[in-house]
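Enquirer: For reference, the structure I am asking about is given below.
The values are calculated or read from the model by the stated rules, or taken from the named source; none is laboratory data. These numbers were taken from a predicted model, which means no experiment stands behind them. Here Cβ is always computed from backbone atoms with ideal geometry, including for glycine, and neighbour counts include all displayed protein chains.
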Amino acid sequence: MTSNLITYELHGAVAVIGLNRPDKRNAINDDVVHQLRDAVVRGGEEADAGVIFGHGVNFSAGLDLAQLLKRMESPPPRKKTDHAWHTVFDIIARGPIPFVAALHGAVVGGGLELAAATHIRVADRTAFFGLPEGQRGIFVGGGGSVRVQRIVGYSVMADMMLTGRILSVDEAEKLNIVRYVVDEGQALTKAKELAARIAQNTPLTNWQITNVLPRISDLSHDDGLFMEYINTSMQRPPESAQRLRDFVEKRATPLQAPHKKPERRR
């Protein structure tokens, strides 16, 4: 499926979703949000993992400020409605499947908020990160006050918003904004590779990791342990028993330590 502003492809068990507004640096407007929601819901139904990336030279430069300005200069709506950004980003963050973000170029404002809604973030060397809302006279509105702040902490987020500071990909890696850094042009390939690996897990385990684990983080110590107990006591699908049987009977691939880089001689 290809829509005007969002592309969707199914690669095996992986839904690959692209922001397709490259002439506007993939700025996010209402139409993008609505089409993204449709694609994410479809991915949750058809796939076991998803990838979100941006067409062109940027992931996303954030909110479409021209549309925001037009809205600010128009009469306010008679009734309050649900915040569409919060709705779709929550479907990504706590929906039925995990998502991997492939980041390059600008990952700014609402683009960073979208990336923060995914579960694993891969960035290439061209990626840079910012929250320029403070310089635009606005505030974050795509869940960044919750998700970005929980990733980097108040001090870092306040610095980014108050000063307009732009983070390099190396700085973003140190702050846990991204987990993988790859060469230019390789983010999407790496994200697809990770998503394909994630899709091999049982759907129940993936759901617990993406839905239960972050909620446990919000609980007290005792309540968190109780929530863990409830989940480990749940009835497991037959596939789980088979996977354990394969491991016990040595049919599963054994775990291996990552390859060490050769030491440099002084």
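Enquirer: Just one of V140, V108 is closer than 19 Å to I166 by Cβ, crowded, with 18+ Cβ neighbours inside 10 Å, more than 16 Å from the chain's Cα centre (by Cα) and not polar (S, T, N, Q); which is it? Steps first, please.
Expert: Values: V108 fails: more than 16 Å from the chain's Cα centre (by Cα).
After ruling out the rest, the residue left standing is V140.
Enquirer: Now for a different question. Could you look through the stretch 130-150, keep only residues that are out of contact with any Phe, Trp or Tyr (no Cβ under 7 Å at 6 or more places or on another chain) and among the small types (G, A, S), and pick out the one that is modelled with the highest pLDDT? Lay out the reasoning, then the answer.
Expert: Just the residues of the stretch 130-150 that are out of contact with any Phe, Trp or Tyr (no Cβ under 7 Å at 6 or more places or on another chain), to begin with: 130-132, 134-140, 144-150.
If we keep only those that are among the small types (G, A, S) too, we end up with 130, 134, 137, 144-145.
Numbers: G130: 96, G134: 79, G137: 78, G144: 90, S145: 92.
So, considering only residues that are out of contact with any Phe, Trp or Tyr (no Cβ under 7 Å at 6 or more places or on another chain) and among the small types (G, A, S), the one modelled with the highest pLDDT is G130.
Enquirer: Identify the residue in the stretch 180-207 that is in contact with a Lys or Arg (Cβ under 8 Å, 6 or more places away or on another chain) and among the hydroxyl-bearing types (S, T, Y) and, among all such residues, is farthest from A127 (Cα to Cα).
Expert: Applying the first criterion (in contact with a Lys or Arg (Cβ under 8 Å, 6 or more places away or on another chain)) to the stretch 180-207 yields 180-184, 202, 204.
From what's left, among the hydroxyl-bearing types (S, T, Y): 180, 202.
On the way: Y180: 12, T202: 32 Å.
For the stretch 180-207, the residue satisfying everything is T202.
Enquirer: Under 9 Å by Cβ, and 6 or more places apart or on different chains, what pairs join a residue from the stretch 125-136 that is farther than 29 Å from G185 by Cβ and in the same structural domain as V169 (by TED's automatic domain parsing) with one that is crowded, with 20+ Cβ neighbours inside 10 Å and of a type in the set (V, I, T)?
Expert: Listed pairs, sorted by first residue: E133/V140.
Enquirer: Okay, next question. Within the stretch 151-204, can you find the residues that are modelled with pLDDT under 95 and touching a Ser or Thr at 6+ places or on another chain (Cβ under 9 Å)?
Expert: Hits for the stretch 151-204 are T202, L204.
Enquirer: Scanning the stretch 41-66 for residues that are among the acidic types (D, E) and surrounded by fewer than 17 Cβ atoms within 10 Å (Cβ to Cβ), which turns out nearest to W85 (Cα to Cα)?
Expert: Narrowing the stretch 41-66 to residues among the acidic types (D, E): 45-46, 48, 64.
Next, only the ones that are surrounded by fewer than 17 Cβ atoms within 10 Å (Cβ to Cβ) stay: 45-46.
On the way: E45: 20, E46: 22 Å.
That would be E45.
Enquirer: How about the stretch 1-112: which helices (runs of 4 or more DSSP H) wholly inside it have at least 3 residues that are closer than 27 Å to E133 by Cα and modelled with pLDDT of 95 or more?
Expert: Ranges flagged: 30-46, 84-94.
Enquirer: Test each condition in (1) surrounded by 18 or more Cβ atoms within 10 Å (Cβ to Cβ); (2) in the same structural domain as V100 (by TED's automatic domain parsing) for L175 and report the one that comes out false.
Expert: For L175, the exception is condition (1).
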